[in-house]
Amino acid sequence: ESIKTVLTSPENRILIKRMLIKCADVSNPCRPREQCIEWAGRISEEYFAQTDEEKRQGLPVVMPVFDRNTCSIPKSQISFIDYFITDMFDAWDAFADLPNLMQHLDNNFKYWKGLDERKLRSLRPPPE
């Protein structure tokens, strides 16, 4: 009933649509683990290439944390989740009840923390 009340206002509908689009844009940490890892790798590679190109051209490096020689992908994912994702998806979950997404988020955060605690900088642990 309260959702119906929120949706009666055109301004609220626009806000909800904007929030949904933003959440969809940054939702990688809320995907199942294998998809999350795959896309974290793709995104990191895109940022590495940008940093490489900025260095090659002698331009200021916009994202120095994405230097492929020093970057910790687990740390970058932990920071992204801490600073952007958790609060945003907590709010979205309170509105839309998204237990599956929130469970993936929790699992993925723990995965990245586990790699970081082992001082690993890669997407995956080394083979046993």
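The residue pairs whose first member lies in the range 26-43 and is open to solvent by 20 Å² or more (accessible area, probe 1.4 Å), whose second member is in a helix (DSSP H, G or I) and aliphatic (A, V, I, L, M), and whose beta carbons are closer than 7 Å, counting only pairs six or more residues apart or on different chains, are VAL26/ILE85.
With respect to ASN100, is the statement that it is of a type outside the set (A, V, I, L, M, F, W, C), loosely packed, with under 14 Cβ neighbours inside 10 Å, at pLDDT 95 or above and part of a helix (DSSP H, G or I) true? Here the answer is yes, as ASN100 does meet what is asked.
This table checks each residue for (1) closer than 26 Å to LEU101 by Cα; (2) outside any helix (DSSP H, G or I).
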residue: THR5; (1), (2): yes, no
residue: SER44; (1), (2): yes, no
residue: ALA49; (1), (2): no, no
residue: ARG68; (1), (2): no, yes
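To keep it simple, each residue is scored yes or no on (1) touching a helix residue (DSSP H, G or I) at 6+ places or on another chain (Cβ under 6 Å); (2) not aliphatic (A, V, I, L, M).
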| position | (1), (2) |
| --- | --- |
| SER44 | yes, yes |
| TYR47 | yes, yes |
| GLN50 | no, yes |
| LEU59 | no, no |
| VAL62 | no, no |
| SER72 | no, yes |
| ASP82 | no, yes |
| ASP87 | no, yes |
| LEU101 | yes, no |
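Per the listing ILE37, ILE3, the residue uniquely within 18 Å of ARG121 (Cβ to Cβ) and out of contact with any helix residue (DSSP H, G or I) (no Cβ under 6 Å at 6 or more places or on another chain) is ILE37. Close contacts from the range 114-128, counting a first residue that is within 22 Å of GLU45 (Cβ to Cβ) and at pLDDT 95 or above and a second that is open to solvent by 100 Å² or more (accessible area, probe 1.4 Å) and among the aliphatic types (A, V, I, L, M), with Cβ to Cβ under 7 Å and a gap of 6+ residues or different chains, come to none at all. Of all the criteria given as (1) on the phi < 0 side of the Ramachandran plot; (2) in a loop (DSSP other than H, G, I, E, B), the one not satisfied by LYS119 is (1).
When ILE73 is tested against (1) open to solvent by 40 Å² or more (accessible area, probe 1.4 Å); (2) in contact with a Ser or Thr (Cβ under 6 Å, 6 or more places away or on another chain), just one condition goes unmet, and that condition is (1).
Selection over the range 39-74 of residues that are closer than 21 Å to LYS113 by Cα and touching a Leu at 6+ places or on another chain (Cβ under 9 Å) gives a count of 6. Residue count for the range 103-113 under the criterion of being touching a residue at least 24 places away in the same chain (Cβ under 8 Å), open to solvent by 70 Å² or more (accessible area, probe 1.4 Å) and under 17 Å from GLN35 (Cα atoms): the result is 0. The single condition among (1) assigned to a helix (DSSP H, G or I); (2) open to solvent by less than 90 Å² (accessible area, probe 1.4 Å) that PRO125 does not meet is (1).
The values are calculated or read from the model by the stated rules, or taken from the named source; none is laboratory data. Since the structure is predicted, the reported quantities are computational estimates derived from the model, not experimental observations. Note that we place each Cβ from the backbone using ideal geometry, even for glycine, and neighbour counts take in every protein chain shown. What goes into the accessible areas is simple: the full protein's heavy atoms, side chains included, and nothing from ligands, DNA or RNA. Shrake-Rupley method; radii C 1.70, N 1.55, O 1.52, S 1.80 Å.
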